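**Q** Before anything else, here's the structure in question.
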Amino acid sequence: MIVSLIVAAGNNNAIGKDNQLLWHLPKDLQFFKQTTWAMPVVMGRKTFESLGGKPLNGRINIIITRQTNWSHEGVVVVHSLADAIFYAKESDYKEVFIAGGGEIYAQALPKANKIFLTRVDATIDGDTFFPEIDSSDWALANEVTHAPHEKHAFGFSFQTWLRK
Ligand SMILES: NC(=O)c1ccc[n+]([C@@H]2O[C@H](COP(=O)([O-])OP(=O)(O)OC[C@H]3O[C@@H](n4cnc5c(N)ncnc54)[C@H](OP(=O)(O)O)[C@@H]3O)[C@@H](O)[C@H]2O)c1
């Protein structure tokens, strides 16, 4: 089972503030959709609610919460990260995508084999962060850089990191 983290983080590893993203980068949203399409996507309850209460279409949405009475139409509810990964594995998927937020990334990083990191070339004040990627554990396997341009206020790089 490949456990992949997928995230967009600024130069200071900020990923969000007030339960919202810090930027609007249409090409990154497109990359996220293409990469996760038809696959299981795991999110913390707060990230799911930040989407406006609508599950991501075309994907299995697995939501992690400690609340035993929380439910939402169109999503699978679990109570631990291990159960989320187990659900994806039992459903015969070869890869599961962990899509945040900060709490879930921190718990998932030690279990991950792969990170799809969009490094946004901006240092924005945030209240939620992605953990530091330790280069003794992780190798940068691929990187495609985009300069800022129309509709994209910041430059960004699509990076793929693999566990060494
Ligand atoms: N830039 C990006 O790529 C990106 C991606 C995703 C999210 N974000 C941002 O990240 C922020 C949200 O992140 P966050 O850290 O505040 O919240 P989060 O990780 O999305 O969700 C936290 C919630 O997950 C549940 N949870 C966490 N650990 C658990 C465990 N071990 N067992 C059971 N349930 C557990 C709890 O839900 P209950 O409280 O219901 O128990 C907890 O309150 C937002 O600003 C969002 O926009 C950014």
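**Q** When both residues are 6+ apart or on different chains and their Cβ atoms are under 6 Å apart, which pairs have a first residue that lies in the range 64-91 and is more than 16 Å from residue 111 (Cβ to Cβ) and within 12 Å of the ligand (Cβ to nearest atom), and a second that is outside any loop (DSSP other than H, G, I, E, B) and modelled with pLDDT of 95 or more?
**A** The qualifying pairs are 65/45; 71/77; 77/63.
**Q** Got at least one residue in the range 6-19 being of a type in the set (S, T, N, Q), part of a loop (DSSP other than H, G, I, E, B), within 16 Å of the chain's Cα centre (by Cα) and farther than 26 Å from residue 138 by Cα? Talk me through it step by step, then tell me what you get.
**A** Initially, the range 6-19 is screened for residues of a type in the set (S, T, N, Q), giving 11-13, 19.
Now restrict to residues that are part of a loop (DSSP other than H, G, I, E, B): 11-13, 19.
Those left that are additionally within 16 Å of the chain's Cα centre (by Cα): 13, 19.
With farther than 26 Å from residue 138 by Cα added as a condition, the list becomes 19.
Yes, the range 6-19 has at least one match.
**Q** Residue by residue through the range 21-60, note down the ones that are over 25 Å from residue 124 (Cα atoms), in contact with a Lys or Arg (Cβ under 9 Å, 6 or more places away or on another chain) and part of a helix (DSSP H, G or I).
**A** Selection gives 36 alone.
**Q** Further question: Within the range 83-124, which residues are more than 20 Å from residue 11 (Cα to Cα), polar (S, T, N, Q) and not in a loop (DSSP other than H, G, I, E, B)?
**A** Correct list: 107 only.
**Q** Given the criteria loosely packed, with under 13 Cβ neighbours inside 10 Å, polar (S, T, N, Q) and modelled with pLDDT of 95 or more, does residue 20 qualify?
**A** yes
**Q** Tell me, please, whether a residue that is surrounded by 21 or more Cβ atoms within 10 Å (Cβ to Cβ) and hydroxyl-bearing (Ser, Thr, Tyr) can be found in the range 50-59.
**A** no
**Q** When the range 125-153 is examined, which residues are found to be part of a loop (DSSP other than H, G, I, E, B) and closer than 24 Å to residue 33 by Cβ?
**A** Hits for the range 125-153 are 126, 130, 133, 147, 148, 150, 151, 153.
**Q** Please enumerate the residues belonging to the range 25-38 that are under 13 Å from residue 99 (Cα atoms), away from the ligand (no atom under 11 Å from the Cβ) and surrounded by fewer than 18 Cβ atoms within 10 Å (Cβ to Cβ).
**A** Correct list: 33, 35, 37.
The values are calculated or read from the model by the stated rules, or taken from the named source; none is laboratory data. Keep in mind it's a predicted model, so treat the numbers as computed, not measured. Positions of Cβ are backbone-derived with ideal geometry, glycine not excepted, and every protein chain shown enters the neighbour counts.
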